[in-house]
Amino acid sequence: MVFHVMLVPTLGCPSNCSYCWSSEVDSDLMSIETVEEVVKWLKNFRDDTVTFTFHGGEPLLAGFDFYKKALPLIKKGLEHLKPALALQTNLWNLTPEMAELFSEYNIPIGSSIDGPEELNNYQRGEGYYKKTMKGYEIAKSHNLKVSFICTFTSHSINYKEDILNYFIENGLTLKLHPSLPSMRDENPEEWALSPEEYGELLVYLLDQYLEHMDEIEIMNIDNLAKSVFRRRGTVCTFVDCMGDTFAIGPDGSIYPCYRFVGMLEYVMGNVYDHPTMDDLAKSQPWKLLQEFKEYVDVECKKCTYIKFCRGGCPYNALAITDAEVEGVDPHCTAYKRIFKEITDRATVEMLSGSGMVGNSKRNKNSIMSLMLKGS
Ligand code: SF4
Ligand code: SF4
């Protein structure tokens, strides 16, 4: 896991997606002074290279002037950590001026579309699709790399073929996101996918991906295959994220991850105090996540996949137990299903010789090809 800092300039968002748990009306905007403090804090915090992701709410609400100042501050102030930058946005507020700036800093963009316009707007609100696509066109015309998170819900799972075809036909990179219960949602189950449905969906996408590898990129399947091959997680869900991931809220509060931003009980410190790792380790949220890690060591001990699953996402686990460490990520069933599927298929390929590394006749649409993709 690389060191990852998520900057949340605001929890405000102009869209109103039905299943969203991360926006807050009247949220403050992060000031440039706070970004300066982030830079001062991280200067001597740890030596590893760092990735910053601007996240929300909707981070573009911070405006052009914020980014014009914040980006060079981070790049120059933390030069020794070789900071990489990324942005997660619905693209509604992207202007050509901003796109030009993001292109200068080579910033990859993650956005969100749930499939064809009608289905997308049913889940994300009337008008959403056109506003995002307008921003996407601006991003494309400035050569920005955009990939799309597609949230599958208990509703859209019924249209999975249409959704996949939509992404293939439009040549869009897809990152799957299952709708999940939130700690801040009064009716968390309404849109959530059950673990069984999620497992089925992952296997369906694996099958489809192997057929259409030249036409689409499905980031989750790539990551799952790589995790099995390397026997360690390659995304935060499947590693012990504590200590490698932090999120900074609009006022400089430090949280374990963007999913906790805005919940006071998860504040670990503030960038204005320049806390050390040891200071953060004394905070309650750190202790809670440490407790989760120890729980996983015991509860998942006999699981074949523990090395590259690590009990899944602690937020997901805590969200359904009222913040008590009483279970692992509720998607355990789905993870077991897809890890087994990948492992079994890779074994068959290896035994038949078709998946052997260095075999020039290796089927390009094989699990081994997925595992070795990009290596
Ligand atoms: S809490 Fe979950 S989403 Fe956040 S960094 Fe950890 S694994 Fe990732
Ligand atoms: S698949 Fe389930 S049992 Fe296995 S490590 Fe992951 S959460 Fe634990």
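Points worth noting:
- Under Karplus coefficients 6.51, -1.76 and 1.60, residue-wise ³J(HN,Hα) of the stretch 150-163 in Hz, glycine/proline x: 10, 8, 8, 10, 5, 7, 6, 4, 6, 10, 4, 5, 4, 5
- Here the convex hull built on the C-alpha positions of the stretch 212-293 has a volume of 131 cubic angstrom per residue.
- Treating each Cα of the stretch 262-356 as an identical point scatterer and summing with the Debye formula, the log10 of I(q)/I(0) at q = 0.11, 0.13 Å⁻¹ comes to -0.47, -0.60.
- Of the Cα atoms belonging to the chain, the radius of gyration and Dmax stand at 20.5, 60 Å.
- Debye intensity ratio I(q)/I(0), log10, the stretch 44-119, q values 0.16, 0.18, 0.25 Å⁻¹ (C-alpha model): -0.63, -0.76, -1.24
- Distance from the alpha carbon centroid of the stretch 219-269 to that of the stretch 50-76 works out to 19 angstrom.
- Fraction of beta bridges assigned by DSSP in the chain that are antiparallel (%, nearest 5): 15
- Pairwise Cα distances in the stretch 118-167 exceed 14 Å in 59 percent of cases.
- Lysines whose Cα lies under 16 Å from that of K287, excluding same-chain neighbours fewer than 8 positions away: none
- Full extension of the segment from K43 to D207, taken as 0.36 nm per residue of separation minus the current Cα-Cα distance, would add 54.5 nm.
- Burial ordering of M350, M213, M368, fewest other beta-carbon atoms within 10 Å first: M350, M213, M368
- Phi-based couplings in Hz for the stretch 74-86 (Karplus 6.51, -1.76, 1.60; Gly and Pro marked x): 5, 4, 7, x, 10, 3, 5, 9, 6, x, 9, 10, 8
- Taking 31 Å as the limit for the C-alpha separation, the pairs K134/K160; K82/K145; K40/K140; K82/K130 exceed it in the case of K40/K140; K82/K130.
- Loop sites in the stretch 243-289: trypsin sites (Lys or Arg not before Pro), DSSP, at most 16 other Cβ within 10 Å: K282
- For T245, nonlocal amide neighbours, meaning residues 5 or more places apart or on other chains whose placed amide H falls under 5 Å from its own, are H4.
- Of K226/K293; K302/K336; K307/K340, pairs whose Cα-Cα distance is over 18 Å: K226/K293
- Per residue, the convex hull around the alpha carbon atoms of the stretch 45-184 comes to 134 Å³.
Throughout, read-outs are computed from the coordinates displayed, never taken from laboratory work. This one's a predicted model, so the numbers in the text were calculated from it and none came from an experiment. Here Cβ is always computed from backbone atoms with ideal geometry, including for glycine, and neighbour counts include all displayed protein chains.
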